[in-house]
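Engineer: Pasting a structure here, questions to come.
Each reported figure results from applying straightforward, stated rules to the coordinates on display, with no laboratory input. The model shown is predicted, which means the values in this text are computed figures rather than measured ones. Cβ sites come from the backbone with ideal geometry, for glycine too, and all protein chains shown count toward neighbours.
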Amino acid sequence: MLNIKTRQYLTYAALTLSVALVVSLTYQFLQQAQIQCFNGDQMFKEGRFDEAAEHYLNAIAGGLESPLVFHRLGDTYLARREFTKATPVFARLLQLDPTNLMVMLKLVELYALQNKTDNALALIETVLQRRPDWRPARVARAKVLTMVGRFDEAIIDYRLILHEHPEDTQ
Amino acid sequence: MKTMLIAFTLFLTFSGYTTNIEAATPATSLPEVTQPAATTSVPPLAPIGEDIQDWEARWELARLLSFTKRYDESLIQYRKLLLEKPTLQKARLEMASVLSWAGKTEEAVATLRSVPQQDIDKDNRLAFADIFIASKDYVAAEALLVEHLQSSPSDDLARLKLADLLSWIKRYDASLKEYEIILKHQPNDSQVRRKYGYVLIWAGKRDQAVIELRKSLKE
């Protein structure tokens, strides 16, 4: 029978080993995920979007849930014109980074590309409320308004973009 | 279905596909150059989400103003745009269309003439042929129609336009050839056959004209 002291040492040793094992495994997983991400970037640069997407998905599955990886995965789907796949990726990205107006604008683009113009307009209003003088957002709204045939409202936006008074006809 | 009918009606109006049954003498029934229904299918200059330059925004604005029939305002924007980008022939062509819709035919023709013919794209040739016809510049209209028919030989509406035009300038044999091609494609079109009959009369081929006009009545 082991005495109390020895049992305590053994318990500490086991715990330390477990922690070391977990840290080491996590580190290895993350390292592998980062390698996947790196490989994804390489594939993306070479235009091999299918493989790039696979690598990014593996990176996310490996625990690398960073906004950067989601952004790259979303861009990969966009490059493949897989809008229905890109949309939830950017939506997730917005959850991770809720104040990112660029991501919102990307989602506006995706909604518009899928003819979900109501969603696009609702989101663009949010963007413009937060940053009314942001030109790309106003351009995006003008374009979506044009898509839905609301020409008069689009005209007002374009006049604002050009710093022309809405009533100015000269 | 309703939209298709409206589009077809507009197309017929726009292409001048109407027959004046009482036209017993050579006469030019000039097509009225009208603006087609406002379209939302204009390809965007840049993807949504990307910023655009001022001239691109002005171009979009000019287009939208023309869609809403605010032609004078649209022309102001086109002029500003072309001051900034004088080599933008596509915009110049669009401005020519807007000028014609605004009833400024002479200016429209002058604008069209300033554009090299090779810059007039396939989709716009018919509309621009109408502008030239409206200004009685049949030579320019004929050139556009012939070019269009070379790439789209089965476009009978364009061919009918050409046949009409050739009859107005008394080139009856050339006109009759075009009518014959249309009638080969559409032998039961009594309106075309009636027009063909009239041109035969004007060409002095009265016997053949009687046969064709009788046929057209049966049809």
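Engineer: Counting other Cβ atoms within 10 Å, keep those with at most 16, restrict to DSSP loop, and tell me which trypsin sites (Lys or Arg not before Pro) in the range A:34-84 are left.
Structural biologist: On the way: sites: A:LYS45, A:ARG48, A:ARG72, A:ARG80, A:ARG81; in loops: A:ARG48, A:ARG80, A:ARG81.
Sites meeting the loop and neighbour criteria: A:ARG48, A:ARG80, A:ARG81.
Engineer: Going by a ≥ b ≥ c, the root eigenvalues of the Cα gyration tensor, does the protein assembly as shown fall in the rounded group (a/c under 1.5), the prolate group (a/b larger than b/c) or the oblate group? Numbers along the way, then the final one.
Structural biologist: Values: a/c = 3.97, a/b = 2.56, b/c = 1.55.
The shape class here is prolate.
Engineer: I'd like the mean, over residues of A:154-160, of how many other protein chain beta carbons sit within 10 Å of each residue's own Cβ. Before the final figure, lay out the partial values.
Structural biologist: Working: counts 6, 11, 1, 4, 12, 5, 1.
For this peptide, the per-residue mean of nearby foreign Cβ atoms is 6.
Engineer: On C-alpha positions alone, give me the angle between the axis of helix A:135-147 and the longest principal axis of chain A, in degrees, nearest 10.
Structural biologist: Here the helix axis deviates by roughly 60 degrees.
Engineer: As a footprinting exposure proxy, order B:SER151, B:SER175 by other Cβ within 10 Å, with the fewest listed first.
Structural biologist: Numbers: B:SER151 9, B:SER175 25.
Ordered by Cβ neighbours within 10 Å, fewest first: B:SER151, B:SER175.
Engineer: Is there a simple number for the mean count of other chain Cβ atoms within 10 Å of the Cβ of residues in B:55-62, and what is it?
Structural biologist: 5
Engineer: What do you get for the angle between helix A:117-130 and the principal long axis of chain A? Use alpha-carbon atoms, 0 to 90 degrees, nearest ten.
Structural biologist: 80 degrees
Engineer: If we count other beta carbons within 10 Å of each Cβ, what is the order of A:THR11, A:THR146, A:THR76, fewest first?
Structural biologist: Values: A:THR11 10, A:THR146 22, A:THR76 26.
Taking fewest neighbouring Cβ atoms as first place, the list is A:THR11, A:THR146, A:THR76.
Engineer: Another one. Decide, for the range B:113-219, between rounded, prolate and oblate: order the square roots of the alpha carbon gyration tensor eigenvalues as a ≥ b ≥ c, take rounded if a/c falls under 1.5, and otherwise choose prolate if a/b is larger than b/c, else oblate.
Structural biologist: Numbers: a/c = 2.94, a/b = 1.90, b/c = 1.55.
Note, shape of the range B:113-219 comes out prolate.
Engineer: How much length, in nm to one decimal, is gained on full extension between A:ALA13 and A:GLU82, taken as 0.36 nm per residue of separation minus their Cα-Cα distance?
Structural biologist: Details: separation 69, 0.36 × 69 = 24.84 nm, distance 5.15 nm.
My answer for the length gained is 19.7 nm.
Engineer: Now for a different question. I need to check one value: relative contact order of the range B:107-191, counting alpha carbon pairs closer than 8 Å and at least 6 residues apart, in percent. Let's see the in-between values first.
Structural biologist: On the way: 62 pairs, mean separation 16.1, N = 85.
Computed value for the range B:107-191: 19 percent relative contact order.
Engineer: Oh, and also: In what sequence do B:VAL98, B:VAL115 fall when counting other Cβ within 10 Å, fewest first?
Structural biologist: Values: B:VAL98 25, B:VAL115 16.
Listing B:VAL98, B:VAL115 from fewest to most nearby Cβ atoms yields B:VAL115, B:VAL98.
Engineer: Can you compute the label reach from A:ILE35? Point 7 Å from Cα along the Cβ direction, backbone N cut-off under 14 Å, restricted to the range A:62-92.
Structural biologist: A:62
Engineer: How high is the FRET efficiency between B:GLN117 and B:SER152 when r is their beta carbon distance and R₀ equals 25 Å, given to the nearest 0.05? Mind showing how you got there, number by number?
Structural biologist: Working: r = 17 Å, r/R0 = 0.67.
My answer for the efficiency is 0.90.
Engineer: Moving on to the next point. What does the structure give for A:137-150 when I average, per residue, the other chain Cβ atoms found within 10 Å of the residue Cβ?
Structural biologist: On the way: counts 2, 2, 11, 5, 1, 7, 9, 1, 2, 7, 5, 1, 4, 2.
That works out to 4 on average.
Engineer: Does the range A:32-91 come out rounded, prolate or oblate by the C-alpha gyration tensor, with a ≥ b ≥ c the root eigenvalues, rounded set by a/c under 1.5 and, if not, prolate when a/b is larger than b/c and oblate if not?
Structural biologist: Working: a/c = 2.13, a/b = 1.18, b/c = 1.81.
Note, shape of the range A:32-91 comes out oblate.
Engineer: If I model a spin label as a point 7 Å beyond the Cα along the Cα-Cβ vector, how far apart are those points for B:GLN191 and A:SER66 in nm?
Structural biologist: The modelled label-to-label distance comes out at 6.8 nm.
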